[in-house]
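Read the structure below first, then the notes.
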Amino acid sequence: MDNVKPSFDQVRACLTELDNIEEERIEATDELDYLDTLLDNTIKVCSMNTQTFDARSNAAPVFKILFPDGGYSAITHAKPADELVEAEALALRIENLGPGHQLFPEAGSIRAQVEESKKAIRKINDVATKNQNALNNLEIAKSNFREAYNKNFLHASMLLGNDKAETLFNNSF
């Protein structure tokens, strides 16, 4: 008789792997949420610094140049991928003010936060790929388990007869 235990253990191992991947997914999502909050805060601080600069400077105001949609919320309330594009555009607009501009360092802070968020998104995508691979492995393990179970059932039915094999196998799970 074929032994069912190795294939059953493989199914169990695949389920454990899926549980571990789910924990990774939760951690990666939490990290992205945290980094999104940091990026939002960086953009809000940039907005406040721009308003302060405009209020204190005799130069032409730059708030409307940096935030053409009226404020930071157009960036911070966008979908994560869109927010990264908008944040990079904001950093570019700040850089276009020139390296000597008082707000120029804000661009570096924004770009650093964008890069961290991109890393977190890549991590989430990697976890999603691992999850899909684990699901595929689980299906293979289930198939192997069913095959071993069916071989055992067929072997038992040949040795004991169909009725006794059905009684034996129906009560085993």
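Every read-out reported here was derived from the displayed coordinates using simple, explicitly stated rules and does not represent laboratory data. Here the structure is a predicted model, which is why all the values come from computation and not from measurement. Because the Cβ atoms are built from the backbone with ideal geometry, glycine has one as well, and the counts that use them run over all protein chains shown.
Spatial offset of the stretch 50-81 relative to the stretch 99-170 amounts to 43 Å, using the alpha carbon center of each. Its Cα gyration tensor gives the stretch 1-91 an equivalent ellipsoid. The semi-axes, each the square root of 5 times an eigenvalue, are 52, 11, 7 Å from largest down.
Using the basic label-point model (7 angstrom from Cα toward the beta carbon), what is the Glu147 to Ile26 distance in nanometres? According to this spin-label approximation, the distance is 3.5 nm.
By the rule of a C-alpha distance below 20 Å, with chain neighbours fewer than 8 residues away ignored, the lysines paired with Lys5 are Lys142, Lys151. When each of the peptides 107-117, 154-164 is scored by how many other beta carbons lie within 10 Å of its residues on average, the order from highest to lowest is 107-117, 154-164. The Rg/Rh ratio of the chain, with Rg taken over Cα atoms and Rh as the Kirkwood radius over Cα pairs, comes to 1.41. Length available on full extension from Thr129 to Arg93: 0.36 nm per residue minus the Cα-Cα distance, which gives 9.4 nm. Each peptide in 23-34, 88-99, 55-66 was scored by the mean count of other Cβ atoms within 10 Å over its residues; highest first, the order is 88-99, 23-34, 55-66.
Here Lys119 is the anchor, and the lysines within straight C-alpha reach of less than 18 Å, apart from those fewer than 8 places off in the same chain, are Lys79, Lys130. Simple point charges give the picture: +1 on the Cβ of Lys and Arg, -1 on the Cβ of Asp and Glu, and for the stretch 1-154 a dipole about the Cα centre of about 200 debye.
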